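K.L.:
Next up is a structure, given as structure tokens.
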Amino acid sequence: MKIYQKVLLSLSLIGLMTSCAPTTQLQKSWSDPSLAPGSVKPFNKILVIAALKDDASKRVAEDKIVASIKNSVGVQAYKYVQPTDTDQKMLEDKMKKDGFDGLILMRLNEVEKSTSYTPGTGYGGWYGYRYSSPGYYSEDKTYYVETTIYSLAESKLLWSGTTSSLNPTKFEQTMDGIIYAVKTDLQKRGLIKK
């Protein structure tokens with residue numbers, strides 16, 4: 001195999017590995033220090049709220065979160081919360097009356113923009129062949145999403161985590177990455193079963 005073909009193959013493999021790397025990661029998380037692994041009683045009924053800008057994204061996010069909850073105890077907010085439910089205390093009372101004891105809230109916290117430079121590549125040999133590509137600047141966007149889990153029965157926050165997603169291209173895949181990161185942390189802490 002010629003030298004320049006090896007270089008091209010190496011560059012292609014690096015690009016493939018980079019594109020397959022997970023773009024969503026858990027940045028930080030917190031859980032109530034009074035919770036011991038295995039001591040958390042599963043919720044009977046959970047309201048799932050995705051506080052996102054547009055209704056289509058909200059529905060996709062809530063549907064995906066509910067689908068990821070074992071025993072189908074989750075209910076999407078778009079199916080439960082009415083436009084007249086504007087008072088938080090009244091909504092909590094309504095939820096408790098309807099048997100909800102848990103709440104999952106997901107919201108976009110921040111979008112951070114940054115610029116990065118990718119240097120050009122070049123290879124020259126003694127035989128005079130040269131392969132090169134110019135360097136370029138690119139803008140990256142990192143989306144920070146906060147997910148919190150509340151106990152309505154105890155009126156307290158049980159867990160909170162923030163994920164970061166670098167340059168997401170497909171919303172549904174990004175949601176899958178966020179759900180996976182959150183579930184992995186909850187399992188590590190012993191708050192949910194695998």
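The numbers here are math on the coordinates, done by the rules we state, and not lab data. Just so you know, these numbers come straight off a predicted model, no measurement behind them. In this analysis, Cβ positions are derived from the backbone assuming ideal geometry, glycine residues included, and neighbour counts consider all displayed protein chains.
K.L.:
Give the order of 133, 164 when sorted by the count of other beta carbons within 10 angstrom, beginning with the fewest. Don't jump to the answer; show the numbers that get you there.
P.N.:
Working: 133 11, 164 19.
Least to most surrounded, the residues fall as 133, 164.
K.L.:
For the stretch 45-194, compute the orientation-averaged projected area of the C-alpha convex hull (one quarter of its surface), in nm².
P.N.:
Values: hull surface 52.0 nm².
Its Cα hull, projected and averaged over all orientations, spans 13.0 nm².
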